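No lab work stands behind these numbers, since they all come straight from the coordinates. Since we're looking at a predicted model, the values are computed, not measured. As a convention, Cβ positions derive from the backbone with ideal geometry for all residues, glycine included, and neighbour counts pool all protein chains shown.
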Number of protein chains: 2
Amino acid sequence: MPPLLSGGYLRVVLACARRAGLSAGSRGSHGGPGCVRDNPAGSGLLRGELDRFRGITVRLAQLDSLDADSFQRGLQAAVQQWRSEGRIAVWLHIPILQSRFIAPAAALGFRFHHAESDSSTLALWLGEGPSRLPGYATHQVGVAGAVFDENTRKILVVQDRNKLKNMWKFPGGLSEPGEDIGDTAVREVFEETGIESEFRSVLSIRQQHAHPGAFGKSDMYIICRLRPRSLTIRFCQHECLRCEWMALTELASTENATPVTSRAARLLLYGSREGFDKIDLTAEELPAVYTGLFYKLYHRELPDRYKTMAGLD
Amino acid sequence: MPPLLSGGYLRVVLACARRAGLSAGSRGSHGGPGCVRDNPAGSGLLRGELDRFRGITVRLAQLDSLDADSFQRGLQAAVQQWRSEGRIAVWLHIPILQSRFIAPAAALGFRFHHAESDSSTLALWLGEGPSRLPGYATHQVGVAGAVFDENTRKILVVQDRNKLKNMWKFPGGLSEPGEDIGDTAVREVFEETGIESEFRSVLSIRQQHAHPGAFGKSDMYIICRLRPRSLTIRFCQHECLRCEWMALTELASTENATPVTSRAARLLLYGSREGFDKIDLTAEELPAVYTGLFYKLYHRELPDRYKTMAGLD
């Protein structure tokens, strides 16, 4: 993994206006709407934070009075300075209302790294060879809940309202930021069908690239096994065309289900007949080394003697 | 899952200049560097594509001659029109060199949905209630390779160069866009250690939120079991401090490994002694229903009689 550029702190104060002369050569055609103020009242400061990977981060929070051309001259001088100091990357955080600074930065080689809500982050690689900057999030994560009622041997299935083909599938949807896999499954099942349930295990993971429903990014689709805590369906009319409790054997056999649904139904049939331990990935919470936070880990059940290594060598 | 706004096509041609009068009231303070041209030579056309979810997509490709204020007036009139026609969302695709249009759009309520490389996408929700627009990618996916040599019962481990604590772990890194899990593992192992290997199975999945190494997004970290195809270590000096073949029992017992590495080592020890079928998720390629593309599906090995449902009911 390429080293991540972040952390650390050092103020590198750069008086844009004074250094503007160094870089007048490359301003111009892309520098905003072509309106240059001759008296850049702001002529402010570009403050850089140095990180331990020799990168510089600049946050454009207080440049209200600076025009785009003055900014470009100041940035060009600053980049030249950082390059001479051996920095390998520059990160620019730009609030959305300061977006007039984006095109001038782009004219100097900066490109979008990511943007969300009311700010964007641009980056410029200064190191040798191709960029080793880490990318941004590449996957959306969707989670489906296979709610199986062991008493009736029926499983909860839906048909989407907005699809071209009406195939049976499990209720599910995209995870919210910060939401654990099992919580997404339980939430989506409830929102779509009105059924309350509890997480039991992860059954399968699908990875699909260049996904049309993910703005061309990749999609990770995870199917969880859930146990119902209520049985009365009240399905969401906006999202679902149909919703019912179907015999698991029927779902495992029908041609009117998506391939991944059929496969998961057959896996569940196997588990329901020969033991769910044959198909389950169980979840456990473990501490993260560096942050002190916790994470969820999913794998096959590990016998206690291996978990503790007691008496094993 | 909220319906995705995309697809379909309809040209909605809007002459900005003519409609500008409708919206002159709300232009102003946030509209770029404050430079208004009185003769908007472009006064061009905002073309919207209608999708089947009642959203409009506008691509700002050919507005070189339009100034930011004229754009804002035109956009405001267009949004008013789309709202009256019952559209529920507007998507704006803006090339990086046209970023002078971002702040004017933000002043009308648009926010970044995402941005990458040389373009950004802004969105405005026009429907009732809170936005039902789908989010953007929420996870980075990292993959580690646990390369286990069954002959020597040793496993390949590294220590990162840029970490505060020198803990043993498996070589690995972030997946490239469009790369399958197993391919990431094999590539990263080779890049870090010089060892060639082949994918055998997925062993575990970790989900961690608000990850400092993921720009605050979530991290999915997947450990694969690999089989070595070469044994001579030539490790990357940039990334690794140490790299060696270590007895699996030693890795499973040492305190000098990250918790997730210890756990995976114990899982591998269990598999190596009692059968890898106890711990493996196997991979299979299946066709996607709607796109005709293929995806990889990972789950516990399913006996053939369940896969085909032959003789089962």
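Here are a few things to note about the model shown:
- Under the Debye formula (equal points on every Cα, no solvent term), log10 I(q)/I(0) of the stretch A:231-283 at q = 0.24, 0.26, 0.29, 0.31 Å⁻¹: -0.98, -1.02, -1.07, -1.11
- Cubic angstrom per residue, convex hull over Cα atoms of the stretch A:145-213: 124
- Stokes-Einstein D in µm²/s, Kirkwood radius over Cα pairs - the stretch B:49-125 at 20 °C with 1.002 mPa s viscosity: 171
- Here the label points at A:SER131 and B:SER230, each 7 Å from Cα along the C-beta direction, are separated by 3.0 nm in the simple model.
- Computed 3J(HN,Hα) for the stretch A:103-118, one whole-Hz value per residue from the Karplus formula 6.51 cos²θ - 1.76 cosθ + 1.60 where θ = phi - 60°, is 4, x, 5, 4, 5, 8, x, 5, 9, 4, 8, 6, 7, 7, 6, 10, glycine and proline marked x.
- Exposure proxy ranking, count of Cβ atoms within 10 Å, fewest first, for B:PHE112, A:PHE215, B:PHE170, A:PHE53: A:PHE215, A:PHE53, B:PHE112, B:PHE170
- Each Lys or Arg adds one and each Asp or Glu subtracts one; over the other residues with Cβ under 10 Å from the Cβ of B:THR282, this totals -2.
- Other-copy label distances relative to A:ARG234, 7 angstrom Cα-Cβ extension, nm: 6.6
- Karplus 3J(HN,Hα) series, Hz, for the stretch B:272-289 with 6.51 cos²θ - 1.76 cosθ + 1.60 (x for Gly, Pro): 5, 8, 10, x, 5, 4, 6, 10, 7, 9, 8, 9, 8, 9, 10, x, 7, 5
- Rg to Rh, two decimals, where the stretch B:139-279 supplies the alpha carbon set and Rh follows Kirkwood: 0.94
- Under-5 Å amide H pairs with B:SER119, H placed in peptide plane, nonlocal only: A:PHE112, B:ILE96
- Position A:ARG273, label points 7 Å along Cα→Cβ, spacing to each other copy in nm (shortest first, one decimal): 3.3
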